[in-house]
Amino acid sequence: MSTGSEKVLIIGLGGAGGKVVSRIASQKISGLGTAVIDSDRAALAEMDPNVAVLEAGSNLSWGRGTGCGGNIIRGEQAVSGERQRIMELISGKKFIIVVAGLGGGISTGGIRTLASTIRAKKIPSVFMLTTPFSFESFSRRKAASESIEQLLPVTDILIRLPNDLLFSMLSPDCPVEEAFAKSCDELARTAIGICGLMNCKNSFNTDYAGFMAILRGRKCQCALGVGLAVPTEQTPDRSAAAIQKVLASPFLGGVDKMAEADVMIISLFAGPGLPLGEMKRTFESVAAFAGKNTEVISGFSTAPFMANALQVVVVTVHYDESEKTKAAEPAAVVTEKKETPVRRAPRKKKASPELEQGMLELTNYSKGFFVNTVPVMYGDQDLDIPTYQRRGIIIDQGHTSS
């Protein structure tokens, strides 16, 4: 299960995450480790040989290597039982990306355990999570939404990608298998791009801290596009070719999504020797699609394995309305005032009006019809007769004035 000496690790959780990670592993990128956590033994057997696999739940009574069957509780049990092995898996890593599709069993049930384990090790991490299509069952969509709510307090960077974005860019005639294959390729390229984005060593501020300040604990939806181009005789301008691929990315949602974004993050990933003019032209071309109120953040990174290829990654952030409302509310300003003693003029006494005591309507009481009934006695006192009458008290009904 060892992931080697790589300091960056991409973990796929569940079936969807496993397919993405397997595609990444097949590229054999130097310095990048891959791992998959799943309870489906057959799916793990199909992983690329370079992927470290962790079969979860095999020690449980229901665990026979056939998966959780979409059961979220079983998914939680499976991942929780492997906490120690997960700690060993991530030990020594400097950065982790988690890829998963929410709504099903092990990914939805186990994602919080994985997130809390990574946080306990204090390893910087990014969670790339897809959410169900709108036509999927209410229970799957609700489970995904609740999982996002639970993850916000225990994750630093959470990129939520609605699967519905696939419909906005792909033809209705596109075969389902091809659509999902494209989404896997897109997520794989994006994960690699984020690795580069988080390792920017330049004056731009798309580092981990800047990304975290934008997304940490905030409800939002993200869209992303990735474009990878290599100059050829037909397309010598790799920058223009990469941007065209970004605009056609299935998870970007089109040009309108870019214009409506609250934040747009642009990252370039290239081989050594990236020309300054090409970098500037690429940033300006992509930023032109942003809205007038969109905050644009740019950064770049280089790596030898990119050779003469150029990759452009665009992440757009769309905050929920509740987040926008909180941001728009002015902060309450509390000014401490020093209290000074205040001398008040003595109050003038008002003349008291003449008071007259009201009349007490006290009359002698007679039992009437109940004169021959058994009296209520206490000692030698008849409690049916008022006290003032029993004791022969005379009431003074005179006037009193002050």
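The values are calculated or read from the model by the stated rules, or taken from the named source; none is laboratory data. Fair warning: this is a prediction, and the values are worked out from it, not measured in the lab. No Cβ is skipped: glycine too gets one built from the backbone with ideal geometry, and neighbour counts run over all protein chains shown.
Report yes if Ala16 is in contact (Cβ under 8 Å) with a residue 40 or more places away in the chain, under 20 Å from Gln84 (Cα atoms) and not aromatic (Phe, Trp, Tyr), otherwise no. Talk me through it step by step, then tell me what you get.
Values: in contact (Cβ under 8 Å) with a residue 40 or more places away in the chain: yes; under 20 Å from Gln84 (Cα atoms): no; not aromatic (Phe, Trp, Tyr): yes.
Here the answer is no, as Ala16 does not meet what is asked.
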Next item on the list: Would you point out the residue of the stretch 148-192, among those that are of a type in the set (Lys, Arg) and modelled with pLDDT under 85, that is surrounded by the most Cβ atoms within 10 Å (Cβ to Cβ)?
Entry: Arg189
Check: Filter the stretch 261-314 for residues that are crowded, with 19+ Cβ neighbours inside 10 Å and out of contact with any Ser or Thr (no Cβ under 9 Å at 6 or more places or on another chain); which is farthest from Val8 (Cα to Cα)?
Finding: Phe289
Check: Considering only residues of the stretch 18-32 that are part of a loop (DSSP other than H, G, I, E, B) and of a type outside the set (A, V, I, L, M, F, W, C), which is surrounded by the fewest Cβ atoms within 10 Å (Cβ to Cβ)?
Finding: Ser30
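Is it true that Lys292 is of a type in the set (Lys, Arg), assigned to a helix (DSSP H, G or I) and within 31 Å of the chain's Cα centre (by Cα)?
Numbers: of a type in the set (Lys, Arg): yes; assigned to a helix (DSSP H, G or I): no; within 31 Å of the chain's Cα centre (by Cα): yes.
No, not satisfied.
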Next item on the list: Being among the small types (Gly, Ala, Ser) and in a loop (DSSP other than H, G, I, E, B) is the filter; apply it to the stretch 199-242 and report the residue that is modelled with the lowest pLDDT.
Entry: Ser203
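Mind listing whichever residues of the stretch 109-147 are β-branched (Val, Ile, Thr) and under 29 Å from Gly92 (Cβ atoms)?
Ile111, Thr113, Thr117, Ile118, Ile123, Val126, Thr130
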